[in-house]
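Below you'll find the structure, written out as structure tokens, and then a few comments.
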Amino acid sequence: MCRFLSRCVRQGSAHAINDKSAKCIKSRDRKGADTPAGGYVKTWAGNRRAQFQICNFKLQIEKQKKKKKKKKKKKKKKHTGKMPMLRTTATAAPEKTMERYTHIESAAFGETVLPLPMSVRLSRRAEAMAAGGDNEIFATAVQLARPTITAEVRIRGIAAAEGLALGAQATLVIAIASASGGAGRTITLDGAVLTSLDVEYEQRSPATAILKFVAQADDGATDPFTSEENQ
Amino acid sequence: MSRLDAQDLFSSGPHTIKPGAWQRSLERRSFPGINGELVLDLGLRARTVTQSGWLQAASAEELAEKMSAVEVYLDGRTHTLVDSHGLIYQKMILEAFEPTSPIRRSRGFWCEYTCRYLQLP
């Protein structure tokens, strides 16, 4: 029907109706436009925009109102059917407390303190090997290569970073505080080997040292990564 | 899954079977001053069929058992191999069974292998 009709009713503005398409067109720049055959048209002079009002409007509005009432009735019926079911199946969601760790308190590589830590990224990765046999479209077996645990630490204290030697092995300890002022968390990477050291100087911003570590497990079975909540 | 003499030896892991080309043995003779060749047809010869894939098991011992079960067929006798498509390879002699990787451990134990068969015509 008319996409402006509801607006017309609410705001009381008048639009022209194109009789062929039976669609309401905004009256802007429609002065002298075609009027519907047999329709009674009132015009208001003095307005910048030409305005037309058609007697059929009232009938159309009444029809629309009736349709809306019917729809509302139908909707009400649907609601009455669904709501009790929802009420019976709904269960109270358990309250969850989730800590947000937002502050790196300290980072240390062995006895070397890594000052002004900016970010720490710990990755546990294994290359996937997928294979499938004859007459199989998709892989039917996925195996993993030996996993590696790596850490990337970004710090502002470049002097401390430059004092480290590649290949050095020590325990990497990172203390992280929670946003709520809780106990925080301590992350430990045993047998961390320093494999990469980048120092990045930027224009008008403090220099950053990027340290990359790969963890080495002494016995090949113990996970070098541990993280625990502080108590 | 493919089967060797109706035995389910390879279902633990994916595998592929690649048949080689049949070969015809020919004896070629040529004579000086004469155009052309004399070709003696000696008949159809065996072809090589290669199977490669993974054997997987929950433990190293179980994996070793699966490998031993395949090695039993290194007996010089002819066997029947049915591949995953249902194609039947008859008169197959298992020439070699070779684990092509060390036993690896990730999601259980597994290793890669290659079986080389000789199929008689």
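Any read-out appearing in this document is the output of simple, stated calculations on the displayed coordinates, not a laboratory observation. Bear in mind the structure is a predicted one, so any value in this text is a computation, not a measurement. As a convention, Cβ positions derive from the backbone with ideal geometry for all residues, glycine included, and neighbour counts pool all protein chains shown.
Counting only residues that are hydrophobic (A, V, I, L, M, F, W, C), more than 14 Å from chain A (Cβ to nearest Cβ) and part of a strand (DSSP E or B), region B:95-121 holds 3 of them. If only residues of region A:203-223 that are in a strand (DSSP E or B) and of a type outside the set (A, V, I, L, M) are counted, the one that is farthest from A:MET118 (Cα to Cα) is A:PHE213.
B:GLY53: among the small types (Gly, Ala, Ser) and away from every other protein chain (no Cβ under 14 Å), yes or no?
No.
Listed by first and then second residue, the pairs with beta-carbon distance under 7 Å, at least 6 apart or on different chains, first residue in region B:70-96 and on the phi > 0 side of the Ramachandran plot, second of a type in the set (Ser, Thr, Tyr), are B:LYS91/B:THR78.
So which residues in region B:16-33 are within 14 Å of another protein chain (Cβ to nearest Cβ) and touching a residue at least 60 places away in the same chain (Cβ under 8 Å), if there are any at all?
B:ILE17, B:PRO19
For the residues B:LEU55, B:LEU42, the requirement of being of a type in the set (A, V, I, L, M) and either out of contact with any Gly (no Cβ under 7 Å at 6 or more places or on another chain) or without any contact (Cβ under 8 Å) to a residue 12 or more places away in the chain (or both) singles out B:LEU42.
In region A:103-152, the qualifying residues are those that are acidic (Asp, Glu) and free of Cβ contacts under 8 Å to residues at least 24 places away in the same chain, and the one that is nearest to the other protein chains (Cβ to nearest Cβ) is A:ASP134. Restricted to strands (runs of 3 or more DSSP E) entirely inside region B:17-86, those with at least 2 residues that are in contact with a Cys (Cβ under 8 Å, 6 or more places away or on another chain) and closer than 17 Å to B:PHE97 by Cα are B:47-57. Counting only strands (runs of 3 or more DSSP E) that fall entirely inside region A:99-200 and contain at least 3 residues that are within 28 Å of the chain's Cα centre (by Cα), the qualifying elements are A:101-109, A:117-125, A:148-155, A:169-178.
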